[in-house]
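The values are calculated or read from the model by the stated rules, or taken from the named source; none is laboratory data. Predicted, not measured: the structure shown is a model, and the values here were computed from it. Cβ sites come from the backbone with ideal geometry, for glycine too, and all protein chains shown count toward neighbours. Accessible surface areas use protein heavy atoms only, side chains included; no ligands, DNA or RNA. Shrake-Rupley method; radii C 1.70, N 1.55, O 1.52, S 1.80 Å.
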Amino acid sequence: MEKDLRIFKLWQNMQLLEVMSDPMYMMGDKHRLDDLILRLRAATTYSTKEKTAFLFSEAMKYNKMGSLIGSMHLLFGACQISIHPAVVAEFYRVMFSYYRHRGTGSVDNIIDALDNDLKILNSPEIFQCKAQLLIKLGNYDKAQSTLKEALLLSPYHQSITTILAELYIALKNPGSAEELVNAYLKQKPKDDQILRIGATLAFNKNNIDTALALLTKASKINKKNSEYNLLLAVMYQQKNEPKKALKIIDKLMKDNQSSDKAWRAVGVYYSRINACDLAIYALEKAVKLNNNEPEHVRDLAMVYRNKGELGKAISFAETKVAQHKNSDRVTRILGALYLLKKDFEKAEINIRKALEIKSRDPFLVVMLGDALYQKGNTQQAEKEFERAIEMNKSNPEINVRVGQVYFNLLKLDEAEVYFNAALKMIPNYAPALKGLRYLEALSSKKISVEKFIEQFASQMKSLESGDLPPSKNGKKIHFNIWDALVDEPETG
């Protein structure tokens with residue numbers, strides 16, 4: 001029965017052209033992986049479980065290296081040894097990512113195959129996988145029903161409960177999230193991950209004491225999870241008890257007091273969740289411990305900017321330019337900051353300085369085009385945009401960056417051209433599709449240009465400059481444009 005899994009047919013039907021698109025796979029990996037799988041299947045010193053686990057581990061390594069074909073090859077090999085729902089689920093995730101990125105296959109076929117395989121492998125792992133893919137497709141209603149169905153099969157399943165609760169929170173339905181979390185904690189009151197979600201819900205309602213109690217309990221249950229302590233500091237900061245917040249951070253960092261990299265990691269973490277004061281505290285420590293690292297300077301300038309202290313960000317970065325003249329990082333962020341200040345002359349000067357160090361950086365060239373465009377030199381700006389695209393014709397992100405510049409300037413027709421150009425390279429390229437959705441939303445709402453610029457100019461500048469630190473899922477957009485696209489009342 002398990003031989004009838006549709007995932008295997010999808011794998012076998014992948015065209016040779018798709019396989020050839022993975023250089024790593026074509027340069028001998030196929031034969032090496034075939035040999036590895038055959039030798040492992042024949043080995044008698046390892047159990048079936050060990051063999052499957054080893055191939056799964058190797059598949060994850062290939063996935064991280066960007067060889068999705070190689071990863072799928074190994075996952076298929078693992079399934080030939082033993083069918084395990086977690087391996088099948090990961091096989092589906094990798095295949096989904098491959099098709100979504102390449103734009104060469106229909107992701108609908110993957111969802112259809114998942115539905116078929118759920119009848120054969122009626123397991124929480126497959127339900128969870130289906131829900132995650134539906135969330136990526138923006139089909140939140142089906143994702144919710146899939147997760148609810150999974151919980152009927154396996155009540156109080158931690159990861160499924162977590163995904164459903166976080167989906168409720170994202171969809172601004174905290175009541176359903178609270179109901180789900182409370183029911184779960186009645187059965188499993190010592191589950192630290194669900195306690196953390198409960199703390200988040202309480203924090204979002206400004207019930208800081210309840211949030212602190214839940215997160216403190218979670219941190220005592222799982223002492224190895226340092227993130228709980230980092231979040232406790234945020235809660236004390238919100239409670240206007242900064243000394244307690246800093247004491248928690250200092251205690252956590254006791255064994256890393258002399259490590260600038262450790263302090264930077266904490267600063268970047270706080271920057272991602274917009275806890276600017278704590279981010280500044282950590283990054284100032286990093287700069288003090290290692291004044292020769294330009295990344296620390298860039299990060300701290302960014303947080304000053306995010307806190308709304310643009311002048312301080314510029315002044316700080318300016319004091320570090322001479323010291324870091326051999327790195328593009330400080331002049332790059334200065335260029336972005338001066339763009340934000342609308343001092344396009346100084347923006348251009350600093351961007352050109354960065355380009356003296358990294359002359360083949362297409363994203364810096366896009367920034368230069370932005371500065372020139374806003375100075376009124378539109379013809380030269382357009383030449384710079386085209387030069388950036390010529391530097392790497394196969395990279396759709398460069399077209400998206402140019403589209404974002406035009407979008408930020410509210411040149412919507414021009415933005416659409418570049419978003420569509422990116423989609424011609426990769427039909428399912430998510431950033432380009434997101435850009436088009438923004439255009440559609442903006443054009444369908446009655447919103448003043450002034451209001452839009454006021455709310456989102458700084459974020460869009462950050463996005464186009466490439467200076468936002470990526471979040472854990474790799475995404476760099478940290479704002480919801482639809483919050484600003486509310487119809488304004490008719491006047492007169």
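Structural remarks
- Expected 222 nm ellipticity per residue - DSSP helices of 4 or more, -39500 (n - 2.57), all of the chain, to 500: -23000 deg cm²/dmol
- The range 398-442: relative contact order as a whole-number percent, Cα under 8 Å and 6+ apart: 37
- The accessible area of HIS324, taken with all protein chains in place and a 1.4 Å probe, comes to roughly 10 Å².
- Long-range lysine pairs (8 or more apart or interchain), the range 370-429, Cα under 19 Å: 5
- Prolate/oblate/rounded call for the range 237-376, Cα gyration tensor, a/c under 1.5 rounded: prolate
- A simple spin-label model places pseudo-atoms 7 Å from Cα toward Cβ; at LYS9 and LYS251 they are separated by 5.9 nm.
- For the range 346-390, relative contact order (Cα pairs under 8 Å, six or more residues apart, normalised by length) works out to 35 percent.
- Separation in nanometres of the label points that stand 7 Å from Cα toward Cβ, at THR45 and ASN290: 4.0
- Segment THR216-ALA441, length gained on full extension (0.36 nm per residue, minus Cα span): 76.9 nm
- Split the accessible area of the chain by element, probe 1.4 Å, and carbon with sulfur accounts for 50%.
- Relative contact order [Cα under 8 Å, 6+ residues apart], the chain, whole percent: 7
- Solvent-accessible area per residue in the chain equals 50 Å², computed with a 1.4 angstrom probe and all protein chains kept.
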